[in-house]
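Participant: If you scroll down you'll find the structure; I have some questions about it.
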Amino acid sequence: MELVSFDLCPFVQRSLITLLKKDIPHQITYIDLDNPPDWFTEISPLGKVPLLRVDDAVLFESAAINEYIDETHAPPLHPEDPLRRAHNRAWIEFASNLIGIGYRSVIAQDEATYLGVMDERDGLLGHLERQLSGGPYFNGSVFSLADTSFAPYFLRQSFTEPLHARESLADFPKCQQWRDALLALDYVQQSVPADIADRYAKRFGGGYLYGH
Ligand SMILES: N[C@@H](CCC(=O)N[C@@H](CS)C(=O)NCC(=O)O)C(=O)O
C-alpha cells in the first residue's frame, strides 16, 4: 500500500495511525500541496490527500481509506454492533469538523476572528464531552477508528495550547484525559514527523495565534 501524504495533514495522519496500529507494511509518498505534481492532480478526484494506492486502485477520503484498511486487516477497529458503528461513523465526521475548526483557528489573521472560531470550537467540544464516559478511549477501553480520527486534532491542539488561554481544554476534562491517553500511544507519536510542532509553527506563523 502506498499512502500519498502531505507532512502536516491531519487527515493523512488518521490513515497512518491505522497502518501503524495494525503493523501493516506501507510506503509513504510526500507531495507539496502548495505545488502538487501533475500525477497527483490526475488521480486525486478532489485534489486532496490522503490517497491510498492499492495495486491499480486509488482510494481517497480518510474515513473510506481507514475502513478499507480496517476491513482487510484483523482485528477490526470499528465496533461490531451496527448501531454503535453508525454512531462512530457520525462522530468521525464530527472530528473532521473539529479539524476544520482547528485549521481556521491557526489561519485567523486577527483576534476577533480567532475568538469567534474558538467559540465554535467550544460548542463542538461541549457536545464531545457529553459523549465520553469512562475512557480512556472514545468507546471505552478499546482503541478504535474513532480514536484515529480525533488524535490528529488533539495533537495539534497540544501545540497551540501554550500560545493562548482560549486553547485550554480545562472546561472539557474528559476530552483532556482522552487527548493525553491518545498522545501517549507510540503509534500516534510515530504517525507524524518528529519535528511536526516546529513545521506547524512555521506554516502558521503568519496567523494571529502564533504571531500575537
Ligand atoms: N475529507 C477529506 C479531507 C482531506 C483534506 O482536506 N486534505 C487537505 C490537506 S490536510 C488537502 O489535501 N487540501 C488540498 C486542497 O484542498 O486543495 C478526508 O477526510 O480525506
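The values are calculated or read from the model by the stated rules, or taken from the named source; none is laboratory data. Note that the structure is a prediction, hence the values are computed from the model and not measured. FYI the Cβ positions are ideal-geometry reconstructions off the backbone, even for glycines, and counts take in every protein chain you see.
Participant: Run Ser105 past the list (1) small (Gly, Ala, Ser); (2) within 13 Å of the ligand (Cβ to nearest atom); (3) under 30 Å from Gly207 (Cβ atoms) and report the number of the one that doesn't hold.
Facilitator: (2)
Participant: Determine whether Pro25 is within 14 Å of the ligand (Cβ to nearest atom) and of a type outside the set (S, T, N, Q).
Facilitator: no
Participant: Which ones in the stretch 158-207 are more than 15 Å from Gly126 (Cα to Cα) and part of a loop (DSSP other than H, G, I, E, B)?
Facilitator: Hits for the stretch 158-207 are His164, Ala184, Leu185, Gln190, Ser191, Val192, Pro193, Ala194, Asp195, Gly205, Gly206, Gly207.
Participant: Follow-up. Do any residues in the stretch 63-76 that are touching a residue at least 40 places away in the same chain (Cβ under 8 Å) and more than 17 Å from Pro152 (Cβ to Cβ) have Cβ atoms under 7 Å from those of residues that are more than 16 Å from the ligand (Cβ to nearest atom) and basic (Lys, Arg), where the two are at least six apart or on different chains, and which pairs are they?
Facilitator: From residues that are touching a residue at least 40 places away in the same chain (Cβ under 8 Å) and more than 17 Å from Pro152 (Cβ to Cβ), the pairs are His73/Lys22.
Participant: Next question. Within the stretch 67-75, can one find any residue that is within 26 Å of Leu132 (Cα to Cα), surrounded by 21 or more Cβ atoms within 10 Å (Cβ to Cβ) and more than 10 Å from the ligand (Cβ to nearest atom)?
Facilitator: yes
Participant: Looking at (1) touching a residue at least 60 places away in the same chain (Cβ under 8 Å); (2) at positive phi, find the lone condition where Gly140 falls short.
Facilitator: Status for Gly140: all satisfied but (1).
Participant: Which condition breaks for Glu111 when tested against (1) closer than 25 Å to Lys22 by Cβ; (2) touching a residue at least 60 places away in the same chain (Cβ under 8 Å); (3) surrounded by fewer than 21 Cβ atoms within 10 Å (Cβ to Cβ)?
Facilitator: The failed condition is (1).
Participant: Return the pair list, or none, for Cβ contacts closer than 8 Å from residues in the stretch 119-132 that are closer than 14 Å to Gly100 by Cβ to residues that are of a type in the set (S, T, N, Q), at least 6 apart or on different chains.
Facilitator: Arg121/Ser105; Leu124/Asn97
Participant: Can you name every residue in the stretch 8-36 that is out of contact with any Phe, Trp or Tyr (no Cβ under 7 Å at 6 or more places or on another chain), among the aliphatic types (A, V, I, L, M) and surrounded by 18 or more Cβ atoms within 10 Å (Cβ to Cβ)?
Facilitator: Leu16, Leu19
Participant: Now for a different question. Being assigned to a helix (DSSP H, G or I), surrounded by 18 or more Cβ atoms within 10 Å (Cβ to Cβ), in the same structural domain as Gln157 (by TED's automatic domain parsing) and not β-branched (Val, Ile, Thr) is the requirement here; does Gly116 meet it?
Facilitator: No; evaluated as a whole, the condition is false for this residue.
Participant: Would you say Val142 is of a type in the set (Val, Ile, Thr) and in contact with a helix residue (DSSP H, G or I) (Cβ under 9 Å, 6 or more places away or on another chain)?
Facilitator: No.
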